[in-house]
Amino acid sequence: MANKVKAKTHKGLSKVIKVRKGGSIKYQPANKLHQTTNRSNASRRRRHHDSGLSGSDFKRLKTIINK
């Protein structure tokens, strides 16, 4: 009997995103933590909150997440 290969979760992606209770995905925007002195205040302020992933991106990443 042949063994089927299980799909593995992408570990790098699983450390960056969180799946919410309703199934949507949240993540922190890039360029947030350091070297922000050259950015405008508005640009830094936009990165205070977590971002949501759009539906089209979720469809593309669903096979990688395995949830």
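What follows draws every value from the coordinates through simple rules; no lab data is involved. The shown structure was predicted, so the numbers you read here are calculated from the model rather than taken from an experiment. Every residue, glycine among them, receives a Cβ derived from its backbone with ideal geometry; neighbour counts consider all protein chains shown.
If the label point is 7 Å along Cα→Cβ of Ser14, which residues in the stretch 53-67 have backbone nitrogen under 13 Å from it?
64-67
Charges at C-beta only: +1 for Lys and Arg, -1 for Asp and Glu. How large is the resulting dipole of the chain about its Cα centre, in Debye rounded to 20?
Details: 19 positive and 2 negative charges, 30 e Å.
So the dipole magnitude of the chain works out to roughly 140 debye.
Any of Lys4/Lys59; Lys8/Lys62; Lys32/Lys62; Lys11/Lys62 with alpha carbons more than 20 Å apart? Name them for me. Walk me through the numbers on the way to the answer.
On the way: Lys4/Lys59 24 Å; Lys8/Lys62 12 Å; Lys32/Lys62 26 Å; Lys11/Lys62 14 Å.
Going by Cα-Cα distance, Lys4/Lys59; Lys32/Lys62 fall outside the 20 Å limit.
Using only Cα atoms and rounding to the nearest 10 degrees, what angle (0 to 90) does helix 55-65 make with the longest principal axis of the chain?
50
So what J values fall out for the stretch 16-26 if you push phi through Karplus, 6.51 cos²θ - 1.76 cosθ + 1.60 with θ = phi - 60°, rounded to Hz, Gly and Pro as x?
Ordered by residue, 3J(HN,Hα) equals 9, 10, 10, 8, 6, 4, x, x, 6, 10, 10 Hz.
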